[in-house]
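Student: Sharing a structure with you now.
The values are calculated or read from the model by the stated rules, or taken from the named source; none is laboratory data. The shown structure was predicted, so the numbers you read here are calculated from the model rather than taken from an experiment. Cβ placement follows ideal geometry from the backbone for every residue including glycine, while neighbour counts extend to all protein chains displayed.
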Amino acid sequence: MVNCKKGHEFTPANTYISPDGKHRKCRICQSARLKKKYRENRKHVLNKRSEYRLKNKRALHEYQTKYIENNKEKLLILWKDYYHSNKERIQQYQKQYRKDNKERMLKMSANYKKKNPARCREYVRKRNALKRNQLGNFSCWMESYYRWQQKDTCIYCGGDISSNFHLEHMTPLAREGLHSWDNTCLSCPRCNLRKGTLTFEEFEVANNV
Ligand SMILES: [Zn+2]
Ligand SMILES: [Zn+2]
């Protein structure tokens, strides 16, 4: 078979092969699927994502641990790169968030600590472990999960992102998008840079014109 079901040719550039070598996916279709999913039913996707996360906590954790283990150096460089090229923005955002939600955050954390002492200890341990690896505590988790979910395919152009990708904010931070799992996905650097401060929907429109 030379073409996918939709008739795209399986060239090396638009073919994803699963790590076990058993599955072959067309990147053009994969990107179209992802886009359609996000466009039509973002809420539903988000619910499903968190559902999936809950159901497969262990498997995901194992996958993530393994992925980080195998890609430690690469991830470190990527994260440092990302942090340095967005340093001001990240710091500004964190500062502003803490400022805006001061009382709420204090109350929340006090409540949480009271209710979940064991969990808090676990969290501190985890965070310290991550700190030692110098990985941001969100990025490694999300990146490895997204890479799996997106089959190493850029959400916008369907390009191969296995060697280089950007963490993409669908609603940009500059437009009050959140730096959280429900506002992020992976794209190739080119699409990320081209998108700039457009939202997911605006970039779609701009691309179709
Ligand atoms: Zn296809
Ligand atoms: Zn792209």
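Student: Among the candidates 43, 113, 107, which residue alone is more than 30 Å from residue 10 (Cα to Cα) and modelled with pLDDT of 85 or more?
Tutor: Result of the check over 43, 113, 107: 107.
Student: Residues that are away from ligand 2 (no atom under 16 Å from the Cβ), assigned to a helix (DSSP H, G or I) and not hydrophobic (A, V, I, L, M, F, W, C): does the stretch 12-22 have at least one?
Tutor: Yes, that holds for at least one residue.
Student: I'd like to check something: does the stretch 156-177 contain any residue that is more than 16 Å from ligand 2 (Cβ to nearest atom), touching a strand residue (DSSP E or B) at 6+ places or on another chain (Cβ under 9 Å) and closer than 20 Å to residue 93 by Cβ?
Tutor: The answer is yes; a qualifying residue exists.
Student: So in the stretch 1-33, with the set limited to residues that are among the β-branched types (Val, Ile, Thr) and closer than 20 Å to residue 156 by Cα, which one is surrounded by the most Cβ atoms within 10 Å (Cβ to Cβ)? Outline the logic, then answer.
Tutor: Pass one, the stretch 1-33, residues among the β-branched types (Val, Ile, Thr): 2, 11, 15, 17, 28.
The next check asks that each one be closer than 20 Å to residue 156 by Cα; those that pass are 11, 15, 17, 28.
Numbers: 11: 11, 15: 16, 17: 14, 28: 21.
Result: 28.
Student: Would you confirm, using the coordinates I've provided, whether residue 71 is away from ligand 2 (no atom under 16 Å from the Cβ) and over 20 Å from residue 183 (Cα atoms)? If you could, list the steps in order and put the result at the bottom.
Tutor: On the way: away from ligand 2 (no atom under 16 Å from the Cβ): yes; over 20 Å from residue 183 (Cα atoms): yes.
Answer is yes for this residue.
Student: Tell me the residue from 38, 82 that is more than 16 Å from ligand 2 (Cβ to nearest atom), in a helix (DSSP H, G or I), within 25 Å of residue 163 (Cβ to Cβ) and at pLDDT below 85, please.
Tutor: Details: 38 fails: more than 16 Å from ligand 2 (Cβ to nearest atom).
Of 38, 82, the one residue that is more than 16 Å from ligand 2 (Cβ to nearest atom), in a helix (DSSP H, G or I), within 25 Å of residue 163 (Cβ to Cβ) and at pLDDT below 85 is 82.
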